[in-house]
1. Over 24 Å from the mean Cα position of the chain (by Cα) and either modelled with pLDDT under 90 or within 21 Å of Lys373 (Cα to Cα) (or both): which single residue out of Asp129, Asp117, Asp144 fits that description?
2. What pairs can you find where one residue is in the stretch 244-260 and touching a residue at least 12 places away in the same chain (Cβ under 8 Å) and surrounded by fewer than 21 Cβ atoms within 10 Å (Cβ to Cβ), the other is charged (D, E, K, R) and part of a strand (DSSP E or B), and their Cβ atoms are less than 9 Å apart, with a gap of 6+ or different chains?
3. Can you report the number of residues in the stretch 306-356 which are farther than 12 Å from Val385 by Cα, touching a residue at least 60 places away in the same chain (Cβ under 8 Å) and charged (D, E, K, R)?
4. Kindly provide the set of residues from the stretch 300-359 that are part of a strand (DSSP E or B) and open to solvent by 50 Å² or more (accessible area, probe 1.4 Å), ordered by number.
5. Tally time: how many residues in the stretch 374-393 are more than 23 Å from Lys345 (Cα to Cα) and not in a strand (DSSP E or B)?
6. What's the number of the only condition in (1) in contact with a strand residue (DSSP E or B) (Cβ under 9 Å, 6 or more places away or on another chain); (2) farther than 17 Å from Ile146 by Cα; (3) open to solvent by 10 Å² or more (accessible area, probe 1.4 Å) that Val228 fails to meet?
7. Looking at Leu396, Leu371 in this structure, which one is open to solvent by 20 Å² or more (accessible area, probe 1.4 Å), outside any helix (DSSP H, G or I) and modelled with pLDDT of 85 or more?
8. Here are the criteria: (1) in a loop (DSSP other than H, G, I, E, B); (2) hydrophobic (A, V, I, L, M, F, W, C); (3) modelled with pLDDT under 90. Tell me which single one Cys402 does not satisfy.
Amino acid sequence: MEKYLVPVKTPSSQNPKSTRRHRWKRSLIELTGKFEPNYRHDISSLLMQSYCEIGTYPHSYHVDGEPCRTHVDWFSYAGLNDNASLTSRLGVTSLEFDSKGVYLASVTKSGCLTVHDFDNLHNPDLKEDEAKQLLHISTCQQLDVIRWNRANQDEVACTSTKSSEVHIFDIGYISSEPVEVLRKRPTITVHGCSVHKGLSDIAFSSGDNSRLLASDMNGVINVWDRRVSNLPCLELTSDSNSTLNSIKLSEDNEIIFGASKQGKVYMWDLRGGRSSTAFQNHKEGHYSPLSSVKLAYELEKIWSLKAQSNIVSKEIHSIDIDPSSPHQLAFHLDDGWSGVLDIHKLQVTHIHCPPPPWLDEFNDLANVSYLRKPCWLPIYSVYIVGSSSSNGLHLLDFYPDCSSPCHVDYNGEDLMRSEEPASQHKQNKFLSLSEGVTACAAHPQNGTVVAGTKMYGIRFDNTMNKILVYFFIVNSVQYNTPYQTKPLLFQLSSLLVVSQSTMPC
C-alpha cells in the first residue's frame, strides 16, 4: 500500500511563487444584486440616446359642454395670426406629477388647471377621455405654477405672478372652488397705498401638512401656518427687492433655496433664529438669508469659460435639487445656460452653454414672457431642459463626477484614450421636437418626461430603442432587481412626452 501514498514534501525555505489568477469577470451587480451609481452612469448614455418624441395632446378641452378658456384663446390668438405678442399669452406654464406618478397636474397662461389620470393618457387612439379627468377648472386669471402637497397628495396649489393669493384645491371634491385661499400681506408704500404683488413659486413641506411657502415679486418668501391663519406667519427677506423666480426646499425641510432675477441664489435656515420663534408664537416675523451666492462670480472662476465668454449676471429661471444627489442644486438661466451649484462647497461644478438664440437666427419674442422650468430624472442625475433657441429638449449629464461631460474639470481627451468602450463615452443629447418647450416633468417611477409647450401641448417622449429596452430588461430579470416596467407604446399631444420604457433601481 505504501506505493500508492504520495510522499510529503518538506517545506522550502524560499517563498513560494505567487500564482497569477485570472481577473474576476463577473460584474458587481451579479454579486450584490444592486445597481451601483457608477454603473448607472455608464448606462445613462444609452438611456439618453433612446429618448424620442412619440406624440402630443392638444388642450382642446371643454367645461360644461363649452370650450374652456385655453381652448378659446388658442383659436383667438394662435389659430388666426402669428403675432408674437399674442402667442405669448398661450402655453403650458407648469407641470408636476404627484409622488407616485398616478396623477399629472398642469396649468396654462389662460387660467386652466387640469389634473390628468396618467393612465388615461396611455390611450392608443391618441385621444384623452375628458370624462376621466380628475379636475379641470377654467379660472379668470393667468396661472404660472402648480404644486402637489407633498404631505397630502389629495391637494394641489396654484398661483400667479398677477395674483397675491394661493388657491388650494382638493382633487377628492368635484368643485371649481378652492378649499382654501392663502393671501400675502399687502405692501404699504411711502404714500400709504396698499400694493399687491404677485407670487412666482410654491413649495410644500413634506413633513408638515400645514406649512406652505411661496415666493413673491418683491424678493420675499412668505411662510404660512395653515392651522392658524390664511396670512403669512413669517417672511424670509433677501437683500434686494428683486423677484424670486424659483424656490426649493431641501429633502429634510430645513433649508429653503431661492433664485432671484438678479442672478443670486439665497439660502434660509428654517430651524433656528427668529424663524423658530415665529413658528412657536404664530406671529409675523422677518428672517434674513443664511447665505447667498452670485452665480456670475462663481462662473468667472471657471477659467476655460471666462476665456471664451463675457460673463455677466443673468436672470435665474429655475432651480431644482437632484433627487439622486441632494447636494446638487441645478439652475437654469434666461440665456439657456444650465449648471449645478454644489450646496456644500458653494461652487459651480457643472455648466452647459448652448449657443445663443440670435446665432441660429432664432427670434422668438414670445420666449421673453416664459420662465422655462426644467426637471431632473428620478435617478441617473440627468437634467432635462427646454431649449431657448430651438424646438427641443437638452438631456444633460450632470453626474457628480469629473466623468460627466458637463463637469468643469472634464477632460475628454483623457477619457478617449482610456480603455472605456466607445459605446459608453458620456455625452449630452439634444432631442428635436415639433414645438418649443416651456416646462418639463419626469415621472417618478418610469422616467417618462412630459413637456408643456407654448401652444398648449402636452408632449410625451418614450425610449423606443430596442437595444436599450432589451438591455435593461435582461439585467432586471437576471439580477432580480426590484423594478421593471413594460415598454410604453403610446403617443400624446399638447403636452410633450419623453419617456423611458424601463428604469432599473
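The values are calculated or read from the model by the stated rules, or taken from the named source; none is laboratory data. Since this is a predicted model, take the numbers as computed values, not measurements. In this analysis, Cβ positions are derived from the backbone assuming ideal geometry, glycine residues included, and neighbour counts consider all displayed protein chains. The protein model used for the area step is the full one, side chains on, heavy atoms only, and it has no ligands, DNA or RNA in it. Shrake-Rupley method; radii C 1.70, N 1.55, O 1.52, S 1.80 Å.
1. On the way: Asp117 fails: over 24 Å from the mean Cα position of the chain (by Cα); Asp144 fails: over 24 Å from the mean Cα position of the chain (by Cα).
The match here is Asp129.
2. Within 9 Å, the pairs are Lys248/Asp201; Lys248/Asp320; Asn253/Arg211; Glu254/Asp269; Ile255/Asp269.
3. Counting residues in the stretch 306-356 that are farther than 12 Å from Val385 by Cα, touching a residue at least 60 places away in the same chain (Cβ under 8 Å) and charged (D, E, K, R) gives 2.
4. Passing the criteria: only Gln347.
5. Going through the stretch 374-393 one residue at a time, the tally reaches 8.
6. The one condition Val228 does not meet is (1).
7. Numbers: Leu396 fails: open to solvent by 20 Å² or more (accessible area, probe 1.4 Å).
Being open to solvent by 20 Å² or more (accessible area, probe 1.4 Å), outside any helix (DSSP H, G or I) and modelled with pLDDT of 85 or more holds for just one of Leu396, Leu371, which is Leu371.
8. The one condition Cys402 does not meet is (3).
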